[in-house]
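Quick notes on the structure that follows.
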Amino acid sequence: MMNKRTPLQSVTLYALVLALVIFCVFPFLQILSTSLKHPIDWGNPSLIPRIVHLDAYKELLGLMPAKEVDVPASIQRLLDNPALSAEKKQMLLAKFSSGGDVFPFGRYMLNTFVISFITGICSTFLASLAAYAIARLRFPAQSLMANGVLFVYMVGGVLLMVPLYQMSVNVGLASSAGGTIFSLFLIYLIQTLPVAMYMLGNYFRTIPFSLEEAAMMDGCSRVEAFWRIIMPLSKPMLFTVFIYCFVIAWNEYLFASVFLKQYQDFHTLPLALQTLFTSKNAIWDRIMAASMLTLLPVIICFMLANRHLSGGLTDGGVKG
Amino acid sequence: MSSVLIKNESRLGLKLVAPAVGIIGLLVIYPILFNLYLSFFDVQLNGSKTFVGLNNYTELLGNPRYYHSIGVSVIYLIGTVIGTTVLGLAAAILMNQTFRFRNLARGLILLPYFAPVISVVFGWQFIFDPVNGIYNHVVVDVLHLTNERENLIGNPDSALFVVILFDIWKHFPIAYLLFLAKLQSVPKDLYEAAAIDGQNPWGRFWHVTLPELRFVIATVVLLRVIWNLNRFEDVYLLAPNVETLPIFTYYQAFAGIVDQGAAAAISVIQLLVLVGLIWLYVRKVLKW
């Protein structure tokens, strides 16, 4: 019925689509554009920089040549003293070269990657076991669990931040960096598990039971049938769910800010960026470049999983 | 099935759900109860507590900031729920047409939903930056609507509306996906019949699309209310001066004069409201 379009209708349609796409994409273009602009160019409303300026990226990725160290004359005299050991000289120099100017972006990115990756793997694995049981097996309290997941899925993090923080203080996890990161990992697991269970449960139901039955006729146990039939057939969906969990953990700010505040070495990107923004080193091009680099992995994930994502999200209910 | 098989199956089922359910029980169900317990105490960051009975609640109910944050939350909820639903529906109808580059367009409009809040808030901050931002450039220098450059995000009253716009931008893709999925299942002959009856596109929307989408619209509205009631990051990171209920709770729990007992009390009250909404969702939406 939509085949016959008058030229006016076509133009309107494309104009509306274009308007919607620009609305969605404009903030991203703004980030990209500002990250590439030289500070003198910020007042220029055009999105196209006059000159492409990559310093912010180089700085974040550690590609900038080391700056000449400014050492006051009095210290220089100390350094010239041959009686001073080389080690002491290094220590003195370090005080002047490691200003507050250094933002260990690579380290923060690695922190975020590791915790998101582990969360994604564990969540997908545990969710696939539970989702299979809820979708296929009969056991006591099954429907209670299926509905319970729905409830859990809707309780937001804000409602749990005080008790979770107090729990980790009470069991002593909050007093060490390792314990804190472990608490954070567990919290990310519960933030992602219900969604993952939902998406996978609905997917498993679309796989015909006769396939498992046939495998079990051939002598597979139920568990083997699950591993050999269901899991391989679900690979695309498992991957999508992994990506989804990975991205949720990658983007999380609230709990990271509550738990990691005092462990600066273990900050994740959202927390580090927020700290950078409120610090004296807040410079638009650097913030935008950092934003861009934080975005990039998400966009890559999104492109990899896009095909199954839309379907999975609408089947599985939606979080967020 | 023999009883042995049934028994084995249920044992396996329990074994498979045990880890997930155990973690959820430990980190969601228990904390909810623990939170209720904490709300009767004066709780410090280091974990020390003294019993104060209903004190947290009575103090909270006498605190004008609490009511103010409820008011801000209500405006925020109304704005974002209506905005995401309407824009999501419009986008779904648009993207349900066939046109060139449709797949590209469909992909691009999902981007705001997946992007990390922390990245996109800076883009939005820059757009509304009083010195360099495009918003002030357009309003002041191009359209001459006002004479002075304004810091919209700096002022809590106007920042609320920037936050609402931001959240519509960020979350309409989800409403759009749910609507699109439903639209694709509306039988084509309904539209053809309506066209034969002489309905113009607007009439077809009114008499076919809307009635078919009724339940999805209700689902989207209810889900958005539930999610946005708890929304913290978007608001806090874009404009920390907009004090919705979650932001108020956060300040009570972790900033300034820390009062985690009061924060627990707020969460208990909010959870009661939330349970009501979830009950409504399970009762009404899932039964449809």
For residues in region B:156-177 being in contact (Cβ under 8 Å) with a residue 40 or more places away in the chain and open to solvent by 30 Å² or more (accessible area, probe 1.4 Å), which is farthest from B:Arg106 (Cα to Cα)? B:Pro156
Could you tell me how many of the residues in region A:117-137 are in a loop (DSSP other than H, G, I, E, B) and either closer than 17 Å to A:Leu184 by Cα or polar (S, T, N, Q) (or both)? 0
Is it the case, given these coordinates, that B:Glu212 is surrounded by 21 or more Cβ atoms within 10 Å (Cβ to Cβ) and more than 9 Å from every other protein chain (Cβ to nearest Cβ)? no
Please pick out the residue among A:Leu47, A:Leu61 that is away from chain B (no Cβ under 13 Å) and modelled with pLDDT under 90. A:Leu61
Does B:Leu177 satisfy the criteria of being farther than 23 Å from B:Val86 by Cβ, within 19 Å of the chain's Cα centre (by Cα) and at pLDDT below 95? no
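Residue-wise test of (1) in a helix (DSSP H, G or I); (2) buried (at least 16 other Cβ atoms within 10 Å of the Cβ); (3) away from chain A (no Cβ under 12 Å).
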position	(1), (2), (3)
B:Glu148	no, no, yes
B:Ala181	yes, yes, no
B:Ile217	yes, yes, yes
B:Val235	yes, yes, no
B:Thr249	yes, yes, no
B:Ala263	yes, yes, no
Cross-chain or 6+ apart pairs with Cβ under 7 Å, region B:104-132 first and under 17 Å from A:Leu254 (Cα atoms), then not in a helix (DSSP H, G or I): B:Val117/A:Tyr253; B:Ile118/A:Tyr253
One residue from A:Thr192, A:Thr240 being under 30 Å from B:Phe34 (Cα atoms) and touching a residue at least 60 places away in the same chain (Cβ under 8 Å): A:Thr192
Helices (runs of 4 or more DSSP H) contained in region B:64-124 and holding at least 1 residues more than 29 Å from B:Phe248 (Cα to Cα) and open to solvent by 30 Å² or more (accessible area, probe 1.4 Å): B:64-95, B:102-108
Does A:Tyr203 satisfy the criteria of being closer than 29 Å to A:Ser310 by Cα, in a helix (DSSP H, G or I) and modelled with pLDDT under 90? yes
Would you mind stating whether A:Tyr263 is at pLDDT below 95 and surrounded by fewer than 24 Cβ atoms within 10 Å (Cβ to Cβ)? yes
B:Leu222 fails exactly one of (1) without any contact (Cβ under 8 Å) to a residue 12 or more places away in the chain; (2) of a type outside the set (D, E, K, R); (3) open to solvent by 10 Å² or more (accessible area, probe 1.4 Å), namely (1)
Matching entry among A:Ser168, A:Ser143, A:Ser175, A:Ser183 (being closer than 30 Å to B:Lys7 by Cα and assigned by TED's automatic domain parsing to the domain that holds A:Tyr263): A:Ser143
Taking B:Ser69 as the residue in question, decide whether it is among the small types (Gly, Ala, Ser) and within 14 Å of chain A (Cβ to nearest Cβ). yes
Determine, yes or no, whether A:Val114 is under 24 Å from the mean Cα position of the chain (by Cα), buried (at least 17 other Cβ atoms within 10 Å of the Cβ) and either part of a helix (DSSP H, G or I) or within 11 Å of chain B (Cβ to nearest Cβ) (or both). no
Could you please give the count of residues in region B:22-38 that are surrounded by 21 or more Cβ atoms within 10 Å (Cβ to Cβ) and more than 25 Å from the chain's Cα centre (by Cα)? 1
So B:Gly53 passes all but one of these: (1) open to solvent by 20 Å² or more (accessible area, probe 1.4 Å); (2) free of Cβ contacts under 8 Å to residues at least 60 places away in the same chain. Which condition number does it fail? (1)
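The values are calculated or read from the model by the stated rules, or taken from the named source; none is laboratory data. Everything numeric in this text was worked out from a predicted model, so none of it was measured. Using ideal geometry, Cβ is built from the backbone for each residue, glycine included, and neighbour counts are taken over all protein chains shown. For accessibility, only protein heavy atoms count, side chains too; no ligands or nucleic acids. Shrake-Rupley method; radii C 1.70, N 1.55, O 1.52, S 1.80 Å.
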